[in-house]
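This report concerns only the one structure given below.
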Amino acid sequence: MSAAKRRPAEVAEAPRVWHAAQDAIADEAVRLALERSREAGVRLRAAGIAHPEPRGVAGLRKVAVLAKDDLPELQADDPPFGGMLGVDVGVLRRIHRSPGPINDPEGQRSDYWRMAPAFRAAGFERGDVVLNTFSYHLTPGGHMMDAGLRAVGCVVVPGGVGNTAAQAAFASQLGAAGYVGTPQFLLALLERGREDGIPATFRRALVSGAPLPLELRGLLEESHRVSVYQAYGTADAGAIGYECEAKDGWHIAPGVVVEVLDPGTRERCEPGAPGEVVVTSANPVYPLVRLGTGDLSTFLPDACDCGLTSLRLAGFLGRTGEGVKVRGMFVHPRQLAEALVGAPGVLRYQGAVTEEDHRDILTVHVEATPGQPPDLEFLAVRLRETTRVRVEVRAVESGTISEDARPIADLRQG
């Protein structure tokens, strides 16, 4: 029901109800964290919170933020989950590994990552055949989307990454109505289908894992006639936000508290001011209190035309953390270091992410050790093994890369 069709009293009451629900999630997350998470318990007690009581979202303000970039070290010191797991490992359904590397638990609950609301908002329906092109190998993306689709009642085609021609042909043969994956790979599938004379059947798509520039969205929706919606989530927190029919920002997903904080002061940002997305989740398997995602966004100040009363994020505005997303996968400086530090012939290196025809390109520039040229093909293989994305490796002249250069420079427009 839109806001225009509601009675005035209902419209006035709805935001209060939503904020009360956010306070309840925050209180439950604190309770679970004190009972089950050694890591969160330390931060909570340091903030003077030693036992659960009603405090709401405001009660989290003194709790230190845990940066997602700190999880690899935390998990290495206290394996396998850094003291954050709320249950015994033996009751998990799966254990995934995200780039970082970060270990991610999956509990037994149906739609564990709570993705179903995003699919319903995007118009996915029971019986729809949907191609899921996120990876099912080690990383959780494929399973996150798969679980949400099955909760809606969709028939899932587990396409995974790559095999563009084969996936385009198979999806067409099945009459797949839906697509899930990055918007860049959706464009590649549609263009390959046109080249091969394969009829496109996608009517709607839920995209994630990569930016969706207005130009690309227009190309997909106007030229290829696919209605595209965005979803935003992480393996640790599950669904964080998603678009409604208005396609004007990401509504905060049910089940999480989202704050936007200044990366330096950790004070809350006013709507319209960008800051880091910080998430609290009352998940008994993996209770989170103030996890800093490293993503930048801001809250939109106005209400949505769809009538939902949840706050909305403006979309992806950049990163505060070290990781950079390339073709839907995070690439971290530590992964480049694992492949290149100490490699024969490598004096210095720097990664650069660029974009060409809406496709991400990761290039690693290498300065050679004097008198010892590196084997670029060997380095490309090592980098692909550590990052799980294709990498171009190029030699550059001595002195090109400064000693204090950023390990990975994101040179994409916008």
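Every number in this text was worked out from the coordinates using simple rules, so none of it is lab data. These numbers come from a predicted model, not from an experiment. Methodologically, a virtual Cβ is constructed for each residue, glycine included, from the backbone with ideal geometry; neighbour enumeration extends over all protein chains shown.
Per-structure values
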| read-out | value |
| --- | --- |
| Size of electric dipole in the chain: Cβ of Lys, Arg +1 and of Asp, Glu -1, about Cα centre, debye, nearest 20 | 980 debye |
| Listed residue (Cys306, Leu214, Val341) projecting farthest to the positive dipole end of the chain, Cβ model | Cys306 |
| Charge-dipole axis of the chain as Lys and Arg at +1 and Asp and Glu at -1 on Cβ define it, positive-most pick from Thr369, Tyr242, Thr293 | Tyr242 |
| Antiparallel DSSP beta bridges within the chain, percent to nearest 5 | 60 percent |
| Neighbour-count order for Leu206, Leu261, fewest beta carbons within 10 angstrom listed first | Leu261, Leu206 |
| Radius of gyration, Dmax [the chain; alpha carbons; angstrom] | 22.1, 78 |
| Helical mean residue ellipticity (222 nm; -39500 (n - 2.57) per DSSP H run of 4+; nearest 500) of the chain | -8000 deg cm²/dmol |
| Sorted peptide list for 273-286, 355-368, criterion being average Cβ within 10 angstrom, highest first | 273-286, 355-368 |
| For the range 183-288, alpha-carbon Rg over 2.2 N^0.38 Å | 1.33 |
| Computed Rg/Rh of the range 329-410, alpha carbon atoms with Kirkwood Rh | 0.94 |
| Sum of side-chain charges, Ala118 neighbourhood, beta-carbon under 11 Å (Lys, Arg +1; Asp, Glu -1) | 0 |
| Residue with peak Gaussian network fluctuation, the chain [Cα springs, cutoff 10 Å], from Gly178, Gly209, Gly107 | Gly107 |
| Listed peptides 130-137, 55-62 by packing density, highest first (mean Cβ within 10 Å) | 130-137, 55-62 |
| Lys, Arg +1 and Asp, Glu -1 on Cβ, resulting dipole of the range 334-414 about Cα centre, debye, nearest 20 | 220 debye |
| Dipole magnitude of the range 89-132 about its Cα centre (Cβ charges: Lys, Arg +1; Asp, Glu -1), debye to nearest 20 | 120 debye |
| The range 10-104: proportion of alpha-carbon pairs further apart than 14 angstrom, % | 71 percent |
